[in-house]
1. Of (1) part of a loop (DSSP other than H, G, I, E, B); (2) surrounded by fewer than 19 Cβ atoms within 10 Å (Cβ to Cβ); (3) touching a helix residue (DSSP H, G or I) at 6+ places or on another chain (Cβ under 7 Å); (4) not hydrophobic (A, V, I, L, M, F, W, C), LYS33 satisfies all except one. Which?
2. Being within 14 Å of VAL165 (Cβ to Cβ) and outside any helix (DSSP H, G or I) is the filter here, so list the residues in region 220-231 that pass it.
3. Scan region 282-289 and tell me whether some residue there is farther than 30 Å from SER162 by Cα and at pLDDT below 95.
4. Give region 1-31 a look and list any residue that's touching a strand residue (DSSP E or B) at 6+ places or on another chain (Cβ under 8 Å) and modelled with pLDDT of 95 or more, or say none.
5. Kindly indicate whether ARG262 is surrounded by fewer than 16 Cβ atoms within 10 Å (Cβ to Cβ) and part of a strand (DSSP E or B).
6. I'd like the full set of residues that are in contact with a helix residue (DSSP H, G or I) (Cβ under 7 Å, 6 or more places away or on another chain) and either in a helix (DSSP H, G or I) or not aliphatic (A, V, I, L, M) (or both), limited to region 187-203.
7. Report, ordered by the first and then the second residue, all pairs with beta carbons closer than 9 Å, sequence separation of six or more or different chains, a first member in region 148-161 that is on the phi > 0 side of the Ramachandran plot, and a second member that is at pLDDT below 95.
8. Check off (1) over 30 Å from THR24 (Cα atoms); (2) of a type in the set (D, E, K, R); (3) modelled with pLDDT under 95 for ASP128 and give me the number that stays unchecked.
Amino acid sequence: MHICSLFIFGCILSFQAIAENSTTTIAFGSCLKQSKPQPVWDALVKLKPDVFLFIGDNVYADTNDVKKMKSVYAQLANQPGFQKLKKISPIHATWDDHDYGENDAGADYEMREQSEQVFLEFFGFPQDSTVRNRPGIYHSQHYELSKGTLQLILLDTRYFRSALVRAETTDECPRVNHALNTDPEATILGEEQWKWLHQQLQTPADVRIIVSSIQVIPTEHCFEKWANFPLEREKLLQIIQDTQASGVILISGDRHMAELSRLDDKSIGYPIYELTSSGMNSTSVRAGKGEKNRYRVTVDNFRVDNFGVIQIDWGKKPVTLNLQIRNAQGGIELEKKIPLNNLS
């Protein structure tokens, strides 16, 4: 299926090989509660993805105790379904707040350095890897195929993130509400990660999947999102434009529901799609119910346990991307096919 023999929990080399199939399948998921049943693994193992991405809240640690954090990851490691998947698919990951260690946490989380070490150990980053020699867990992967190149860009939206600005709760936002942080010095990615991302988007690739633990495109809901830092959201879109990066697809989690959003930004020159998948075993029937999202492709979002799938059909002319949300049993809840030449 793939070339990967160095590390227990996944392949972390910058350039790797996957099977020369006519279709490349990337699966991803978020919001996995280690103490709850996890039937979703059966559907993922049956799918046999070429790559699986953990995109945040991969466990729920919420602790300042390193021993407890390690024990929480151990619960995931002992899941039979997870063990089966890691034998057939390389696994890459980034984090969100609960596996980082604290709800809504950013750069002010006091245990961020220890949390980073636990994360890097669990996912098998080699001792001499670049990720281990700089703050934060952002990294990328490239898959070179005879018919095209796939680039995975995994952002770290926690380690460097400035403080959220809290707002008064309202009838529309009764549990939590965030005001806009418009401070020019406020950041989500931090200076060095921004420089790195600019370089990544200049690397030749046909399909680029940018992984953000929190939603990028939606602006109207009450919870964490890039839109809480409007200058940072604008900067992300601007950098895609400036680098003339083509083939960009955004994926995100966090929300305990699933949806597909589309941003038509004429300055970029093509529509940006964002596929949000959450949670693998923690979807709430209330999460996002009746929620506004002017960018949503479908009428409503999907509130069933789910995972995301992106299938790249290299054999089609033009090459076609099939974006899917699948339920925990593997059934397709949402599907959108996009010709790759529409993303350039």
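1. (3)
2. CYS222, PHE223, GLU224, LYS225, PHE229
3. In the first step, residues of region 282-289 are kept if they are farther than 30 Å from SER162 by Cα; the result is 285.
From what is left, the residues that are at pLDDT below 95 are 285.
Yes: one or more hits.
4. Scanning region 1-31 gives THR23, THR24, THR25, ILE26, ALA27, PHE28, GLY29, SER30.
5. On the way: surrounded by fewer than 16 Cβ atoms within 10 Å (Cβ to Cβ): yes; part of a strand (DSSP E or B): yes.
So ARG262 fits the description; yes.
6. THR187, LEU197, HIS198, LEU201, GLN202
7. Note: no pairs meet the criteria.
8. Status for ASP128: all satisfied but (1).
The values are calculated or read from the model by the stated rules, or taken from the named source; none is laboratory data. None of the values given here were measured: they were computed from a predicted structure. With ideal geometry, Cβ positions are generated from the backbone for all residues, glycine too; neighbour counts draw on all protein chains shown.
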